[in-house]
Amino acid sequence: QVQLVESGGGLVQAGGSLRLSCAASRIIFSTYNMGWYRQAPGKQRELVAHITSAGYTNYADSVKGRFTISRDNAKNTVNLQMHSLKPEDTAVYYCNARLKEVIDYWGQGTQVTVSS
């Protein structure tokens, strides 16, 4: 059974930093495109950052320059380093693994709360 397990969420003051990690198991991790999504209360889930199997990255405009996505294929992990956090970054953050737009796996989510 495929598992994506997120960690690193928590409560932080505005301007602070957090690092989220997602550990994947039972997939050929290096072949998957990986992403971080978030969902705030009352809002739709949105893409935060994405990294392809080849290492190309893209970011939501709202996090560009503040967040960095990275992957370690040897450890089957994808990370999201978040700096200069804002209250509007408060959400549940989900890890996603996608293969050829056909196979799609999600983690259970980790809460990030940014206080003003």
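So how many residues does the stretch 9-27 have that are open to solvent by less than 30 Å² (accessible area, probe 1.4 Å), outside any strand (DSSP E or B) and touching a Phe, Trp or Tyr at 6+ places or on another chain (Cβ under 8 Å)? The number of residues fulfilling the criteria is 1.
A residue that is small (Gly, Ala, Ser), outside any strand (DSSP E or B) and open to solvent by 40 Å² or more (accessible area, probe 1.4 Å) occurs somewhere in the stretch 28-36. On the given criteria, is THR90 touching a residue at least 12 places away in the same chain (Cβ under 8 Å), open to solvent by 40 Å² or more (accessible area, probe 1.4 Å) and polar (S, T, N, Q)? No.
The single condition among (1) open to solvent by 30 Å² or more (accessible area, probe 1.4 Å); (2) in a strand (DSSP E or B) that VAL112 does not satisfy is (1). Taking the criterion of being in contact (Cβ under 8 Å) with a residue 12 or more places away in the chain and either more than 12 Å from the chain's Cα centre (by Cα) or surrounded by fewer than 12 Cβ atoms within 10 Å (Cβ to Cβ) (or both), the residues of the stretch 93-102 that qualify are ARG98, LEU99. Tell me, yes or no, whether the stretch 50-68 has at least one residue that is in contact (Cβ under 8 Å) with a residue 24 or more places away in the chain and basic (Lys, Arg). Checked against the condition, which is being in contact (Cβ under 8 Å) with a residue 24 or more places away in the chain and basic (Lys, Arg), the stretch 50-68 yields no hits at all.
Of the residues making up the stretch 39-85, those that are open to solvent by less than 40 Å² (accessible area, probe 1.4 Å), closer than 20 Å to GLN111 by Cα and in a loop (DSSP other than H, G, I, E, B) are ALA40, ALA60, VAL63, ARG66, LEU85.
The values are calculated or read from the model by the stated rules, or taken from the named source; none is laboratory data. The shown structure was predicted, so the numbers you read here are calculated from the model rather than taken from an experiment. Cβ sites come from the backbone with ideal geometry, for glycine too, and all protein chains shown count toward neighbours. Note: areas computed on protein heavy atoms with side chains; ligands, DNA, RNA excluded. Shrake-Rupley method; radii C 1.70, N 1.55, O 1.52, S 1.80 Å.
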